[in-house]
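Read the structure below first, then the notes.
The values are calculated or read from the model by the stated rules, or taken from the named source; none is laboratory data. None of these values were measured; they are calculated from a predicted model. As a convention, Cβ positions derive from the backbone with ideal geometry for all residues, glycine included, and neighbour counts pool all protein chains shown. What goes into the accessible areas is simple: the full protein's heavy atoms, side chains included, and nothing from ligands, DNA or RNA. Shrake-Rupley method; radii C 1.70, N 1.55, O 1.52, S 1.80 Å.
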Amino acid sequence: MADLFEDYRLGPGWDEMFGEPGMPRSTYEALHATLQPLSSAELGIRAEVLARAFLDQGITFALKGVERPFPLDIVPRIIAAEEWRTVEVGVAQRIRALEAFLDDVYGACQVLADGVVPRRIVVTSAHFHREAAGINPHNGVRIHVAGVDLIRDEQGTFRVLEDNVRVPSGVSYVMENRRAMAHVLPEVFAATRIQPVESYPGQLLRALRAAAPVGVSEPTVVVLTPGVHNSAYFEHALLAREMGVELVEGRDLVCVGNEVAMRTTAGEQRVDVIYRRIDDEFLDPVHFRADSVIGCAGLLNAARAGRVTIANAVGNGVADDKLLYTYVPDLIRYYLDEEPILPNVETYRLDDDPDVRAHVLDRLDELVLKPVDGSGGAGIVIGSQATDEQLAAVRSLIEQDPRGWIAQREVALSMVPTLVGNRLRARHVDLRPFAVNDGEKVWVLPGGLTRVALPEGALVVNSSQGGGSKDTWVLTGAASPVEPEAVEAEPVVVVPSPRSPDPGPGAGPVAVQQQQQQQSTRDASC
């Protein structure tokens, strides 16, 4: 019987299973010992069981018009306890800094007055909403849920790729991946001590209840969904069910006199906290899109009056702007007086320095070009893989709107063995840890969503680009705490060195908007 790993080749990135050919790292020894004696046919059968389980539960994704199970690879990604401790503390540090920034930028704006972030960066961001100014949640939390996208570089160092603090999606796949994997690789679970992920709904509910308006001791929490046509609807329904709260649409809510209530068969019931899965632009037709039929008029006024809490807060998107991302290390130093634990990917700002812009335009074929408000991998140009026509097009776009783009060093993302056909092959991965903030502590779900680029050599992991996912196992074990370093030197500014179903003929505005609103959301399946 052939060894599944006999023709496995290490790729250009950091291989997370193998330190050298045929020699698994200690974190992967139990998994390697389980997989090695399996035949490709047996592994394929188990992979088919995974796919069938997802299809039966309706966990599907449409790629190029074809409905298919959300692709979950049978080989999990494993992270050692001490490595995870660095990720956990680093993600929490980043969220605390972004919380302070959002409080400041919608309040006193001291960070702008002090010149840490140029005012023009904020006021020109597509997701900076003046309508949110002066809304102060009583426990100070604006980022109740965050998804921070990480990669491991060529040396295995975790780096932040981008921040998602608007409506981050994908945690349902984390929970469902784990449930499915426990059935298809039970022998590995028996031999490996893995931190659980099932506590996420409880942690989220606790954070949402802690965010209730002043004086509300038994808050009513709801999950607000755009509806069944949204690609993340499965997640909305799952979280509502797991938390034991109502799943509502905009038409189920009414706002009168700054009081929000939901319509029930027993009459209207007051709502105190809304975990919304609707983008800002569709949330409240009084302040944003007047044609929105999937939001509820008056929600923003009710939040301003302190009668309801909207989670995540309106206006958080300014912190998702990829140009603002380049300033986050400075924000950590400015607000927390600490050095960043998780470094950014080396990034070029193209809007303010003509020399930098010229330098980037001369090296387009060596860099990764990203629109600052893009999501789901849309609009990204990987210079080394782009055609001359694509490079010429992105050059023109940058010259027309340098504020709209950043450039990054092309990182060879780390690689994990992945089942391709009937053999294991090295494929690039990223990681989205999910953080929950209750105002007292930022809790990070052990693991998160690992996304894998299935085509050979591909670096874009999003499912809409042909990617899949892996279950992420964080091992248990004592770990030395990672303490942020106090700032002793002057801050260093970093400068260069799911699906959209066809609504069909006759579809009404509700169905269309349920799909439209997800286009700007950082959805894990996009």
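Under a Cβ-Cβ cut-off of 10 Å, what is the net charge of the residues other than G250 that fall near it, where Lys and Arg count +1 and Asp and Glu count -1?
On the way: positive: R251, R276; negative: E249, D252, D284.
Charge balance in the 10 Å sphere: -1.
Determine the dipole magnitude for the chain: charges of +1 sit on the beta-carbon of Lys and Arg, -1 on that of Asp and Glu, nothing else is charged, the reference point is the Cα centre, and the result goes in debye to the nearest 20. Before the final figure, lay out the partial values.
Working: 49 positive and 73 negative charges, 259 e Å.
It comes to approximately 1240 debye.
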* What is the sum of charges around D430, taking Lys and Arg as +1, Asp and Glu as -1, for the other residues whose C-beta is under 9 Å from the C-beta of D430? -> +2
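Roughly to the nearest percent, how much of the accessible area of the chain is carbon and sulfur, given a 1.4 Å probe?
Details: 10400 of 20500 Å².
Answer for the chain is 51 percent, counting heavy atoms of protein chains only.
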* Structure fact -> For the chain, dividing by residue count, accessible area per residue (probe 1.4 Å) in Å² works out to 39 Å²
* Asked: Per-residue HN-Hα couplings for the range 269-285, Karplus 6.51 cos²θ - 1.76 cosθ + 1.60 at θ = phi - 60°, whole Hz, x for Gly and Pro?
  -> 10, 4, 10, 10, 9, 10, 7, 8, 10, 10, 5, 3, 4, 9, 6, 9, x
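Net charge around M175, counting only other residues with Cβ within less than 9 Å of its Cβ (Lys, Arg = +1; Asp, Glu = -1)?
Details: positive: R178, R179; negative: E176, E198, E242.
That works out to -1.
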* How much of the DSSP beta bridge set in the chain is antiparallel, as a percent to the nearest 5? -> 75 percent
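Quote to one decimal, in nm, the extra length available between S217 and A33 on full extension: 0.36 nm per residue of separation minus the C-alpha distance between them.
Numbers: separation 184, 0.36 × 184 = 66.24 nm, distance 5.21 nm.
My answer for the length gained is 61.0 nm.
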* Structure fact -> Once all protein chains are kept in place, V372 shows an accessible area at probe 1.4 Å, nearest 10 Å², of 10 Å²
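Taking 8 Å as the Cα distance limit and 6 or more residues as the minimum spacing, I'd like the relative contact order of the range 1-148 as a percentage.
On the way: 86 pairs, mean separation 22.1, N = 148.
Relative contact order of the range 1-148: 15 percent.
At 0.36 nm per residue, and after removing the present C-alpha to C-alpha distance, how many nm does the segment from A133 to T476 gain when stretched out fully?
Values: separation 343, 0.36 × 343 = 123.48 nm, distance 4.27 nm.
Full-extension gain reported as 119.2 nm.
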* **Pairwise label distance in nanometres, R241 with E338, each label 7 Å out on the Cα-Cβ vector** => 3.7 nm
* To do: Taking 7 Å along the Cα-to-C-beta vector as the label spot, tell me the V49-A182 distance in nanometres, rounded to one decimal.
  => 1.5 nm
* **Cα-based reach from K441 at 14 Å (exclusive), listing aspartates and glutamates while leaving out same-chain residues under 8 positions away** => E88, E99
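When the helix-only estimate is applied to the chain (DSSP H runs of n ≥ 4, each -39,500 (n - 2.57), divided by the residue count), what is the mean residue ellipticity at 222 nm, nearest 500 deg cm²/dmol?
Working: 16 runs with 147 residues, N = 526.
The helix contribution divided over the chain gives -8000 deg cm²/dmol.
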* Expressed as a rounded percentage, what relative contact order does the range 285-368 have, with Cα pairs under 8 Å and six or more residues apart? -> 12 percent
* Determine the relative contact order of the range 241-298: mean sequence separation of Cα pairs under 8 Å and six or more apart, normalised by residue count, in whole percent. => 31 percent
* **Positive-pole candidate from G147, A458, P71, dipole of the chain, charges at beta carbon** => P71
* **Distance between modelled label sites at S26 and E42, nm, 7 Å Cα→Cβ extension** => 2.9 nm
